[in-house]
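Scroll down for the structure; my scribbles are underneath it.
The values are calculated or read from the model by the stated rules, or taken from the named source; none is laboratory data. Note that the structure is a prediction, hence the values are computed from the model and not measured. Here Cβ is always computed from backbone atoms with ideal geometry, including for glycine, and neighbour counts include all displayed protein chains. For accessibility, only protein heavy atoms count, side chains too; no ligands or nucleic acids. Shrake-Rupley method; radii C 1.70, N 1.55, O 1.52, S 1.80 Å.
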Amino acid sequence: MPPEDRLGPIVEFIERKTLKNVCSIGSKFPFLSAGGAYQASSPSAWTAGFWPGLLWLIHQQTGDPLCRETAEACELQQDEVLQQFVELDHDMGFIWTLTSLASYKLTGNSESRRRALAAASHLAGRFNLKAGIIRAQNDRTDIPGGNIGITIMDCLMNLPLLYWASAATDDPRFRHIAEAHTDSALERLVRPDGSTAHVARFDPWSGQFLEVRGGQGYGADSAWSRGAAWAIYGLALGYSYTGRPDYLEGARRVADFFLAQLPASRIPGWDFRLPDPAGQPWDSSAAAIAAGGLIELAVHVPGAEGLAYQQAAADILQALYEICGTQRDDGEQGLLLHATGNYPAGKQVDVPLIYGDYFFAEAVLRLAGRPFLRFW
Ligand code: GLY
């Protein structure tokens with residue numbers, strides 16, 4: 001059966017539940033679902049773009065005016081965060097790509113364009129020239145050595161905002177930063193076997209590389225599954241903007257590792273290298289993000305190998321629907337069960353998470369050939 005037909009019921013489920021949720025959630029910033037209901041985060045949280053992004057995806061399908069109005073109301077609430085800017089961190093791309101940039105691409109709103117450019121400028125301002133990295137996070141005193149010189153794998157997904165800003169302003173500065181950061185991430189966070197580390201620390205003054213850390217993964221040498229998923233999607237997008245073969249090779253190396261590690265269920269555990277993986281929580285969000293990355297990869301890899309990435313994405317999405325989907329539970333707002341945000345910190349374990357829902361919807365709609373504009 002072609003993917004368009006196989007995915008039809010999944011599209012229907014995503015639309016039905018999101019159109020119901022928009023009436024009850026409104027312009028809050030849902031993050032994690034507990035007891036069936038999404039709890040809200042602040043407009044500055046790294047996850048604050050995913051709900052409006054999901055609403056823009058559904059608005060494209062249905063034309064539903066409430067989805068558009070609610071996404072726009074979320075965007076307006078983030079203005080204070082952008083103006084104050086001290087709470088902003090490296091995840092500005094996650095937020096403003098799915099709010100302002102999505103809005104600008106779909107509606108041509110010039111205020112949204114201005115916000116997206118402001119976010120891109122703040123993001124570019126976090127670049128450490130000596131280390132060649134966009135600094136992750138803000139000041140913390142609870143980790144040895146502090147975190148001024150750290151960068152993390154997730155940040156690759158923030159870079160499309162910089163590539164867009166360069167194109168929008170006809171000024172390559174933003175793109176130079178995106179490429180320099182990607183080069184460092186490829187060198188320090190992607191291992192020769194395609195597994196990935198989460199955190200790299202550099203001396204912020206000399207730029208010297210110091211160490212990798214486990215971060216949200218099990219340890220410095222482990223393989224956090226969502227980190228691998230960010231790498232697949234982030235590097236594939238990097239290739240789409242630059243045409244650089246090393247980015248494509250890196251994306252494929254991580255994708256091949258990810259697919260080789262997946263269990264028969266196609267739903268990964270939260271880390272691929274756990275000493276005792278039996279009974280450990282899954283991370284459905286890692287599977288959803290990886291599916292998005294595999295679909296992007298399939299666009300750039302010709303022939304049978306590209307088709308194999310697309311088929312792998314289709315298999316993952318079908319498994320997510322069958323094993324983690326909440327289509328039979330009208331009392332649950334989340335689309336997908338069994339995501340894990342930060343197991344080492346004991347946070348967000350085995351719950352629906354809004355970014356899992358967003359990337360699931362994005363990948364399903366794209367693969368199903370529905371109206372789809374890539375926001376990244
Ligand atoms: N901060 C991104 C993540 O938790 O995956």
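Its Cα gyration tensor gives the range 217-342 an equivalent ellipsoid, and the semi-axes of that ellipsoid, as √(5λ) in whole Å with the largest first, are 25, 18, 12. Here the simple spin-label model places points 7 Å from the Cα toward Cβ, and for Ser265 and Glu87 these points are separated by 3.6 nm. Relative to its Kirkwood radius, the Cα radius of gyration of the range 130-289 gives an Rg/Rh of 0.98. With every protein chain left in place and a probe of 1.4 Å, what is the accessible surface of Leu66, to the nearest 10 Å²? It works out to around 70 Å². Kirkwood analysis of the range 280-367, using all unique Cα-Cα pairs, places the hydrodynamic radius at 13.3 Å.
Given +1 at the Cβ of Lys and Arg, -1 at the Cβ of Asp and Glu and no other charges, the dipole of the chain around its Cα centre is 380 debye to the nearest 20.
Under the convention that each Lys and Arg Cβ holds +1 and each Asp and Glu Cβ holds -1, the size of the dipole of the range 266-376 around its Cα centre is about 280 debye.
Candidates Ala73, Ala136, Ser184 compared by Cα position along the dipole of the chain: farthest toward the positive end lies Ser184, with charges placed on Cβ. Computed log10 I(q)/I(0) for the range 84-145 at 0.17, 0.22 Å⁻¹: -0.64, -0.89, from the Debye equation with unit scatterers placed on every C-alpha and solvent omitted.
Here the peptides 50-60, 363-373 are ranked by packing, the mean other Cβ count within 10 Å, and the order with the highest first is 50-60, 363-373. One decimal place: the segment Ser206-Ser121 gains 28.2 nm when fully extended, by the rule 0.36 nm per residue minus the C-alpha distance. Once both labels are positioned 7 Å from their Cα atoms along Cα-to-Cβ, the gap between Gln311 and Asn342 label points is 4.0 nm. Got a number for carbon plus sulfur as a percent of the range 46-116's accessible area, 1.4 Å probe? C and S atoms contribute 47 percent here.
Of all complete DSSP H helices in the chain, not one has a Cα span along the helix axis of 30 Å or greater and a mean Kyte-Doolittle hydropathy of -1.0 or more. Using 20 Å as the cut-off for backbone N distance, which residues of the range 9-32 belong to the label zone defined by a point 7 Å from the Cα of Asp350 along Cα→Cβ? What the label zone holds, given the 20 Å backbone N cut-off, is 32. Counted residue by residue at 0.36 nm each, then reduced by the alpha carbon distance between them, the extension gain from Arg374 to Glu111 reaches 92.7 nm. Remark on the chain: hydrodynamic radius 20.4 angstrom, per the Kirkwood mean of 1/r across alpha carbon pairs. Give me the distance between the Cα centres of the range 303-327 and the range 53-81, rounded to whole Å. Going from one Cα centre to the other spans 27 Å. Hydrodynamic radius of the range 209-284 by the Kirkwood approach over all distinct alpha-carbon pairs: 13.3 Å. Counting only protein chain heavy atoms and rolling a 1.4 Å probe, the accessible areas of Trp205, Trp270 rank, largest first, as Trp205, Trp270. Report summary: the helix-based calculation at 222 nm, which adds -39500 (n - 2.57) for every DSSP H run with n ≥ 4 and divides by the residues of the chain, gives -16000 deg cm²/dmol.
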